[in-house]
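Q: Here it is: the structure, laid out below.
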Number of protein chains: 2
Amino acid sequence: MQITADQVKQLREMTGAGMMECKKALGEAAGDVEKAVDLLRKAGVSKADKRAERAASEGLVESYIHPGNRVGVLIEVNCETDFVARTPEFGALVRDLAMQVAAAGADYVRREEVPADRIARERDIFRAQLEGQNKPANMLDKIVDGKVDKFYSEVCLMEQPYIKDDKRTVGDLVTEAASKTGENIVVRRFARFRLGQE
Amino acid sequence: MQITADQVKQLREMTGAGMMECKKALGEAAGDVEKAVDLLRKAGVSKADKRAERAASEGLVESYIHPGNRVGVLIEVNCETDFVARTPEFGALVRDLAMQVAAAGADYVRREEVPADRIARERDIFRAQLEGQNKPANMLDKIVDGKVDKFYSEVCLMEQPYIKDDKRTVGDLVTEAASKTGENIVVRRFARFRLGQE
């Protein structure tokens, strides 16, 4: 049973669950997206979907400056109430996210923010790398999709492996925090400056 | 003797000195730009012009988070050597600049970064506000120039009055630090996040 990147994306949009959880659920549901939604609901992971419409306009602005002051990060993470924003758990999440951006870098928060032409360029390059290997067209497409997914997991914060536990993505970390607090949690934006670089 | 905004701008580009210092020098030189350059050179303020070509690629990345974590700033300030970057004076300058951005806000580092269409729009609005007051055309131009200068001093960090001493601009502060350290100092960029706002 092959799980496609599109299925995972669709499930993530429907449930707000993390990428790893969606892949797992799709595997268990043999690729049936509706069944995967039910599995995630049962597991309590997709509670976030009911919250997705609720405004997340409270939260924290936090920074992380790497020792030596050559790399620094500013991040805004939103939740729904100032009460949750002031909890030690939310504060710890935001500091972990700032450190993640400093250590692993990222150009975007989520894949929806990656410009279409940047993805088209990457896709062209991946396809060109595979040409002349006499692979069947459908296999070629799948390999290219896989490489594009890999690319997303490098440039998008929410899809990166979490630096403190690479079994989980940063998106999983945020979803878990949302489940625990009962509030929609959104990484709104970040800036990362590296001395003397773009 | 009327000192125009263009003269001040020209003098600033020639010497790297602050806006207030340039206005003062132009006043003393009765509007003669060459004479004003000499005055600034004599005062030691325009030493920076010889440094303007030298690469400023060392420095510090620093942040300032306002208590309550609703406003935060990330800033990169460059100098020429790591030695100067590590001095307490440079560190203090960078922290003061970060606090200035947090407290006073700013959209740009310097006026060269303000898009031409934004200035054209402001200029149109200022002109429209003055119409019907039967002012002579040359006076109208001067008033509009003055209002545009005022606008720059609000949106450009380097032209803002310094929050700890509003007799000086932030540009003056940077120029003085450059004179003291003997190195070219450049505010390269900043990011300012305010919770829930653009």
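Q: Looking only at the stretch A:44-57, which residues are more than 7 Å from every other protein chain (Cβ to nearest Cβ), at pLDDT 65 or above and open to solvent by 30 Å² or more (accessible area, probe 1.4 Å)? Steps first, answer last, please.
A: Our first condition is that a residue be more than 7 Å from every other protein chain (Cβ to nearest Cβ); within the stretch A:44-57, this holds for A:44-56.
Now drop any that are not at pLDDT 65 or above, which leaves A:44-45, A:55-56.
Passing the criteria: only A:A55.
A quick yes/no check of all residues on (1) touching a strand residue (DSSP E or B) at 6+ places or on another chain (Cβ under 9 Å); (2) in a helix (DSSP H, G or I):
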site: A:K135; (1), (2): no, no
site: A:M139; (1), (2): no, yes
site: A:K142; (1), (2): no, yes
site: A:D145; (1), (2): no, yes
site: A:D149; (1), (2): no, yes
site: A:S153; (1), (2): yes, yes
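Q: Open to solvent by 30 Å² or more (accessible area, probe 1.4 Å) and free of Cβ contacts under 8 Å to residues at least 40 places away in the same chain: is that true of B:E89 in this structure? Lay out the reasoning, then the answer.
A: Values: open to solvent by 30 Å² or more (accessible area, probe 1.4 Å): yes; free of Cβ contacts under 8 Å to residues at least 40 places away in the same chain: no.
Answer is no for this residue.
Q: Next up: How many residues are more than 10 Å from every other protein chain (Cβ to nearest Cβ) and within 16 Å of A:A104 (Cα to Cα) when one looks only at the stretch A:58-92?
A: Total satisfying the criteria: 1.
Q: Report, by residue number, each residue of the stretch B:145-190 that is among the aliphatic types (A, V, I, L, M) and closer than 15 Å to B:A5 by Cα. Step through it out loud before you land on a result.
A: Step one: of the stretch B:145-190, the residues among the aliphatic types (A, V, I, L, M) are B:148, B:155, B:157-158, B:163, B:170, B:173-174, B:177-178, B:185-187.
Matches in the stretch B:145-190: B:V148 only.
Q: On the basis of being assigned to a helix (DSSP H, G or I) and open to solvent by 50 Å² or more (accessible area, probe 1.4 Å), does B:E198 make the cut? Give the steps one after another, and end with the answer.
A: Values: assigned to a helix (DSSP H, G or I): no; open to solvent by 50 Å² or more (accessible area, probe 1.4 Å): yes.
No, not satisfied.
Q: Also, I was wondering about something else. Taking interchain pairs and intrachain pairs at least six residues apart, which have beta carbon atoms under 9 angstrom, with the first residue in the stretch B:118-146 and exposed (fewer than 11 other Cβ atoms within 10 Å of the Cβ) and the second at pLDDT 85 or above?
A: Going by the 9 Å Cβ cut-off, the qualifying pairs are B:E131/B:L140; B:Q133/B:L140.
Q: Going residue by residue through the stretch A:159-166, is there one that turns out to be open to solvent by less than 30 Å² (accessible area, probe 1.4 Å), within 14 Å of another protein chain (Cβ to nearest Cβ) and either of a type in the set (D, E, K, R) or within 17 Å of the chain's Cα centre (by Cα) (or both)?
A: No - not one qualifying residue is present in the stretch A:159-166.
Q: Conditions first: (1) in a helix (DSSP H, G or I); (2) among the charged types (D, E, K, R); (3) in contact with an Asp or Glu (Cβ under 8 Å, 6 or more places away or on another chain). A:R188 passes all but one, so which condition is the exception?
A: Only one criterion is unmet by A:R188, namely (1).
Q: Looking at B:R127, is it in a helix (DSSP H, G or I) and more than 28 Å from A:A98 (Cβ to Cβ)? Before you say what the answer is, go through the steps one by one.
A: Details: in a helix (DSSP H, G or I): yes; more than 28 Å from A:A98 (Cβ to Cβ): yes.
Answer is yes for this residue.
Q: Kindly list the number of the only condition in (1) of a type in the set (S, T, N, Q); (2) surrounded by fewer than 20 Cβ atoms within 10 Å (Cβ to Cβ); (3) within 14 Å of chain A (Cβ to nearest Cβ) that fails for B:N184.
A: Checking B:N184 against (1) of a type in the set (S, T, N, Q); (2) surrounded by fewer than 20 Cβ atoms within 10 Å (Cβ to Cβ); (3) within 14 Å of chain A (Cβ to nearest Cβ), the one that fails is (2).
The values are calculated or read from the model by the stated rules, or taken from the named source; none is laboratory data. Just so it is clear, the structure is predicted and the values come from calculations on it, not from any experiment. A quick note on method: Cβ atoms are made from the backbone with ideal geometry, for glycine too, and the neighbour counts reach across all protein chains shown. We work out accessible area using only protein heavy atoms, side chains counted, and drop any ligands, DNA or RNA first. Shrake-Rupley method; radii C 1.70, N 1.55, O 1.52, S 1.80 Å.
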